[in-house]
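For reference, the structure discussed in these notes is given below.
The values are calculated or read from the model by the stated rules, or taken from the named source; none is laboratory data. Only a predicted model underlies this, so the values are computations on that prediction, with no experimental measurement involved. Backbone-built Cβ (ideal geometry, glycine too); neighbour counts: all protein chains shown.
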Amino acid sequence: MAKYKVGEELIIIESINEEMDKLVKLTSLKVDENDYANLSLGVRIVKVQYNNPSVTLTYRNHEGKEHKVYATCLDPENFDENRALEKALLEAFQHEIIHLGAIKNCKICK
C-alpha cells in the first residue's frame with residue numbers, strides 16, 4: 001500500500017500484488033498423514049452495506065475478481081450487523097468453494 005499527500009488530500013493506493021499474495025497464502029487445502037483435512041479460504045472484504053434486514057457484501061477473491069453476495073436476517077426486529085456479516089461471509093465462502101471445485105474439475109478433465 002502506498003500513501004501520497006496531494007495538498008490537503010491523502011490518496012491511498014493499495015497494491016493488488018501484495019493483496020493477491022496474501023489471499024493465495026490464506027487459501028489452501030491440506031491433508032495430513034492421519035487422514036485429517038483442512039480447508040482454508042481467504043477473501044478481502046471490499047465493502048459492506050447494511051440495510052435492515054439485509055446486508056450486501058462486496059469481496060475480492062484470490063484471483064482478484066470482485067463478487068457481491070447478499071444475506072437477509074430472518075428476524076428484522078433483532079437485526080445484528082455482526083451476525084448478518086457472518087451470514088454474508090458464509091455465502092461468499094460457499095461461492096468460493098463451488099468455484100474452486102469447478103476449477104479443479106476442469107483441470108482434471110484436460
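Points worth noting:
- Odd one out for LEU85 among (1) surrounded by fewer than 10 Cβ atoms within 10 Å (Cβ to Cβ); (2) part of a helix (DSSP H, G or I); (3) at pLDDT 85 or above: (1)
- Among the residues of the range 3-38, those identified as aliphatic (A, V, I, L, M) and at pLDDT 85 or above are VAL31, ALA37.
- Residue within the range 62-73 that is surrounded by 15 or more Cβ atoms within 10 Å (Cβ to Cβ), within 13 Å of the chain's Cα centre (by Cα), over 19 Å from GLN49 (Cβ atoms) and not basic (Lys, Arg) present: yes
- Annotation note: Cβ proximity below 8 Å between a residue of the range 41-61 that is in contact (Cβ under 8 Å) with a residue 40 or more places away in the chain and a residue that is assigned to a strand (DSSP E or B) and of a type in the set (Lys, Arg) (sequence gap 6+ or interchain) occurs for VAL43/ARG60; ARG60/ARG44.
- Considering (1) of a type in the set (Gly, Ala, Ser); (2) closer than 21 Å to LYS22 by Cα; (3) modelled with pLDDT of 90 or more; (4) not in a helix (DSSP H, G or I), the lone condition that ALA71 does not fulfil carries the number (2).
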